[in-house]
Amino acid sequence: MTNTLMTDLDVFPLSLGGNVFGWTASEQESFAVLDAYAAAGGNFIDTADVYSRWVPGHEGGESEAIIGRWLARGGHDDVLVATKVGGSGDGLAPETIRSHAEASLKRLGRETIDLYYAHYDDPNTPLEETLATFDELVRAGKVRYIAASNITAERLAEALTISDREGFPRYVALQPHYNLVERDAYEGPLSDLVAREGLLCFPYFALARGFLTGKYRPGGNGHTSPRAEGASAYLANPRAVALLGILDEIAAAHGTSVAAVSLAWLGAQPTVTAPIASASGVGQVPDLVAAAELELSDDELQRLTDASA
């Protein structure tokens, strides 16, 4: 089951997040996760040049390098890779984009980046300069398509207008923070713009830092993973806790996991192309890819929408 996009990219309905590679997943574990995802038909990996710079002793690019070494083993020519530039305060100045793109290509071991994101909007660099540099990379065959993440509707609309006026490549996709318990930032002006302009949408934090897996519960014994604090924060929200009960019911009715139901709801939203979710271990992969085939009824979708509003 795939989604055919307005581009010539053809992607699996669940994108595998690479943020954990080199962080909570060792290289061996990352390879096992990637193998399992590909074996299930997955073909779209999301990473960034700053992953995992936040780990002591890391400089960033560790995730890309692991993915590159996995790709180098062969047999995955059909796998598409999205990566990003401009995270962690790096900005989107022309020379930053040029040098970081070259470094990403080297780590990935590829001649072309399939989808290249502006990771964070950079108000200190004129959009014209950023887009002109992306245009250079596309013309040189180093990037196929460009996209945006962490940007307001106003700035995204401005970027699209500039591209149309100057003949630059357009952003073809948006990667917003969007999930069943975090809806306000995307739904509204941003989702309206995505629909109006025919953009693709690949939401990150699709499982709310792990909360929407059902792993974190009131009165639980606590978890020591690096992501536990962010996920557990949702337990202070009564609506989020009540939502877990509905997710449990729907998951039981389908004989599947809470994670799969959460991702299936997200994937069923009108503007969403493929949610992004990560797995630190191979045992987590089946719950993620199950969402690609899980079809929730209109009533189930509405129950979840109403409960999370």
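Residues in the range 98-133 that are part of a helix (DSSP H, G or I) and within 20 Å of the chain's Cα centre (by Cα): H100, A101, S104, L105, R107, L108.
Look through the range 239-276, keep the residues that are hydroxyl-bearing (S, T, Y) and out of contact with any Gly (no Cβ under 9 Å at 6 or more places or on another chain), and return whichever of them is surrounded by the most Cβ atoms within 10 Å (Cβ to Cβ). Filtering the range 239-276 for residues that are hydroxyl-bearing (S, T, Y) and out of contact with any Gly (no Cβ under 9 Å at 6 or more places or on another chain), the one surrounded by the most Cβ atoms within 10 Å (Cβ to Cβ) comes out as T271.
Among the residues of the range 6-58, those that are part of a loop (DSSP other than H, G, I, E, B), of a type in the set (V, I, T) and buried (at least 21 other Cβ atoms within 10 Å of the Cβ) comprise V20, T47, V50. In the set (1) surrounded by fewer than 20 Cβ atoms within 10 Å (Cβ to Cβ); (2) assigned to a helix (DSSP H, G or I), the condition left unmet by S191 is number (1). Name the single residue that is nearest to I45 (Cα to Cα) among those in the range 253-294 being among the hydroxyl-bearing types (S, T, Y) and touching a strand residue (DSSP E or B) at 6+ places or on another chain (Cβ under 6 Å). Looking at residues that are among the hydroxyl-bearing types (S, T, Y) and touching a strand residue (DSSP E or B) at 6+ places or on another chain (Cβ under 6 Å), I get S278. Candidates G61, G74: the one that is more than 21 Å from A290 (Cα to Cα) and surrounded by fewer than 22 Cβ atoms within 10 Å (Cβ to Cβ) is G74. Of all residues in the range 267-309, those being aliphatic (A, V, I, L, M) and part of a helix (DSSP H, G or I) number 8.
Yes/no per residue for (1) without any contact (Cβ under 8 Å) to a residue 24 or more places away in the chain; (2) among the hydrophobic types (A, V, I, L, M, F, W, C); (3) touching an Asp or Glu at 6+ places or on another chain (Cβ under 6 Å); (4) buried (at least 18 other Cβ atoms within 10 Å of the Cβ):
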site: I97; (1), (2), (3), (4): no, yes, no, yes
site: G109; (1), (2), (3), (4): no, no, no, no
site: D114; (1), (2), (3), (4): no, no, no, yes
site: P126; (1), (2), (3), (4): yes, no, no, no
site: I146; (1), (2), (3), (4): no, yes, no, yes
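Among the residues making up the range 134-147, those that are more than 17 Å from R165 (Cβ to Cβ) and either among the charged types (D, E, K, R) or within 17 Å of the chain's Cα centre (by Cα) (or both) are E136, R139, K142, R144, Y145, A147. The residues of the range 10-25 that are closer than 11 Å to S52 by Cα and in contact with a strand residue (DSSP E or B) (Cβ under 7 Å, 6 or more places away or on another chain) amount to a single one, G18.
Read-outs: derived from the displayed coordinates by stated rules, not from any lab. It should be emphasised that the depicted structure is a prediction, and the values quoted were computed from it without experimental measurement. Cβ coordinates were reconstructed from backbone atoms using ideal geometry, including for glycine residues, and neighbour counts include every protein chain displayed.
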